[in-house]
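**Student:** Have a look at the structure that comes next, please.
The values are calculated or read from the model by the stated rules, or taken from the named source; none is laboratory data. Keep in mind that what you see is a predicted model, and the values were worked out from it rather than measured. Don't worry about glycine lacking a Cβ; one is built from the backbone with ideal geometry, like all the others, and counts go over all protein chains shown. For the accessible areas, the whole protein counts, side chains as well, though only heavy atoms, and no ligand, DNA or RNA atoms are used. Shrake-Rupley method; radii C 1.70, N 1.55, O 1.52, S 1.80 Å.
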Amino acid sequence: MEYNFDILTQRRGTSSLKWDVKENELPMWVADMDFITVPQITEALQKRASSGIYGYSIIPDAWTQAYQTWWNKRHGLKIKKESLIFCTGVVPAISSAVRKLTTPAENIVILTPVYNIFFNSIRNNGRNIIQCPLIYNSNTDISKEAYTIDFKNLEKVLSDNQTTMLILCNPHNPVGRIWEKGELEKIGALCSKYNVIVISDEIHCDLTDPNAEYVPFASVNETCKNISITCLAPTKTFNIAGLQTAAVMAENPVLRHKIWRALNTDEVAEPNVFAIDATIAAFTHGEEWLDSLRNYIYNNKQIAKDFTQKELPQLHLVPSQATYLLWFDCSSITNNSVELCNELRKKTGLYVSEGEEYGKCGKSFFRMNIACPKERLLDGLNRLKSFFN
């Protein structure tokens, strides 16, 4: 089946968080795609809506089977039925885990620059944020990674008796790294050595470049499986974040019981009337659509790369293997991306994310969402060009 991702979808006036901007502005910030989702998801929602009754929902076996089949086929991970728990979102799950599995004033480690909401989940619950900056090398060629893990520093922060959790982003947002099995194995070994629980956010796992595959943290070895809770969801992949549907997976029965209690205590373990049907439709019928989407996003990345090299020599586009989020190094111009992004929005209407919100080491970077039709991407790139010119 052919899918047309060039359609200029119109989202103004729909109470869209992303598109609640001025008429002349182009939002390319929050991780929300401008593409119409899988047709079968829409059909499933329409069928459910047509009943006219929207009462409480249960979680049927078909939901569990959809996750099991998808992860086994796409990622080689066999998930036990009892290991999966429904939750309304990855962020609520992470916040619940922080509250249940750590205590106030303990340390939680994050590898920065990283998804900004991790900071909120830690800070808002009275825990200490410990940033372990990734090692950045701007002079990378295609055989090397721009970002790597500083394992010496990681061991140092994990060895602190006050450190009880590490929140991992796999693949990594915003730098687009797919962590290799060996890297994940080292993380698991260190966390096990110092009795640190790993919460692995794998929401971007299906949004890899064509022919690139991520490694589920829990699949690496028994150690990684035993010390971790994995957060999964169809929401980023299929552009259905507003339906509030996700899952956590925990193979360790003790951790599973604790996260189950946490999610239920926080009242985020019950689905809305559309969440289950959308998930089943996504994982049952979405594979062909997803493969087409990945190709489209990859082509968008190449357009952005070529444009940057030819028209924006002031910027360095960090190579990525996953997500639809570009990470721009603007250090040759400024180390204050907050000011830069504010001026960019003010003068051109282009709305991107300043890098410092992803950690101190992101202060000379900005993030740009390119999950949009090619015409809209070129509009954004040309706004960048006009600003820097």
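**Student:** For the pairs Lys78/Lys301; Lys80/Lys152; Lys346/Lys385; Lys73/Lys186; Lys18/Lys73; Lys236/Lys301, flag any whose C-alpha to C-alpha distance is greater than 24 Å. Display every interim value, and only then the final one.
**Tutor:** Details: Lys78/Lys301 32 Å; Lys80/Lys152 35 Å; Lys346/Lys385 15 Å; Lys73/Lys186 26 Å; Lys18/Lys73 33 Å; Lys236/Lys301 18 Å.
Pairs exceeding the cut-off: Lys78/Lys301; Lys80/Lys152; Lys73/Lys186; Lys18/Lys73.
**Student:** Determine ³J(HN,Hα), in whole Hz, for all residues of the stretch 60-73 in sequence, where each value follows from phi through the Karplus function 6.51 cos²θ - 1.76 cosθ + 1.60 and θ = phi - 60°; x replaces Gly and Pro.
**Tutor:** With coefficients 6.51, -1.76 and 1.60, one gets x, 4, 4, 5, 4, 4, 5, 5, 4, 5, 5, 6, 5, 6 Hz.
**Student:** Taking Lys47 as the anchor, which aspartates and glutamates have their alpha carbon closer than 16 Å to its alpha carbon, excluding any fewer than eight residues away along the same chain?
**Tutor:** Asp277
**Student:** Next question, about the same structure. Per residue, how many Å² of accessible area does the chain show with a 1.4 Å probe?
**Tutor:** On the way: 16980 Å² over 389 residues.
Computed with neighbouring chains in place, this is 44 Å² per residue.
**Student:** Still on this model: Starting from the residue with the highest accessible area, list Trp71, Trp29 in decreasing order, probe 1.4 Å. All intermediate terms of the calculation are to be shown ahead of the outcome.
**Tutor:** Numbers: Trp71 0, Trp29 50 Å².
My answer, sorted largest first, is Trp29, Trp71.
**Student:** Among Pro210, Asn124, Ala93, whose Cα sits farthest toward the positive end of the charge dipole of the chain (+1 at Cβ of Lys/Arg, -1 at Cβ of Asp/Glu, about the Cα centre)?
**Tutor:** Farthest along the dipole direction, towards plus: Asn124.
**Student:** Principal axis extents for the stretch 305-388, Cα atoms only, whole Å, descending order, please.
**Tutor:** Here the spans come out as 33, 31, 21 Å, largest first.
**Student:** Using +1 on the beta carbon of Lys and Arg, -1 on that of Asp and Glu, and nothing else charged, what's the dipole of the chain about the Cα centre, debye to 20? Each step should come with its number before you reach the end.
**Tutor:** Values: 41 positive and 43 negative charges, 110 e Å.
Approximately 520 debye in magnitude.
**Student:** I need to check one value: relative contact order of the chain, counting alpha carbon pairs closer than 8 Å and at least 6 residues apart, in percent. Intermediate results must be reported in sequence, preceding the final value.
**Tutor:** Numbers: 731 pairs, mean separation 94.3, N = 389.
Dividing the mean separation by the residue count of the chain yields 24 percent.
**Student:** What order do Ile117, Ile167, Ile7 take when sorted by accessible area (1.4 Å probe), most exposed first?
**Tutor:** So the residues, ranked largest to smallest area, are Ile7, Ile117, Ile167.
**Student:** Would you mind calculating the relative contact order of the stretch 100-255 from Cα pairs under 8 angstrom and at least 6 residues apart, reporting the percent as a whole number?
**Tutor:** After rounding, I find 18 percent.
**Student:** Assuming a ≥ b ≥ c are the square roots of the Cα gyration tensor eigenvalues, decide whether the chain counts as rounded (a/c under 1.5), prolate (otherwise, with a/b larger than b/c) or oblate. Display every interim value, and only then the final one.
**Tutor:** Numbers: a/c = 1.64, a/b = 1.12, b/c = 1.47.
Since a/c reaches 1.5 but b/c is at least a/b, the shape of the chain is classed as oblate.
**Student:** Follow-up. Across the stretch 76-199, how large is the tail of the calculated P(r) beyond 20 Å, expressed as a percent of all Cα pairs?
**Tutor:** Beyond 20 Å sits 47 percent of the P(r) for the stretch 76-199.
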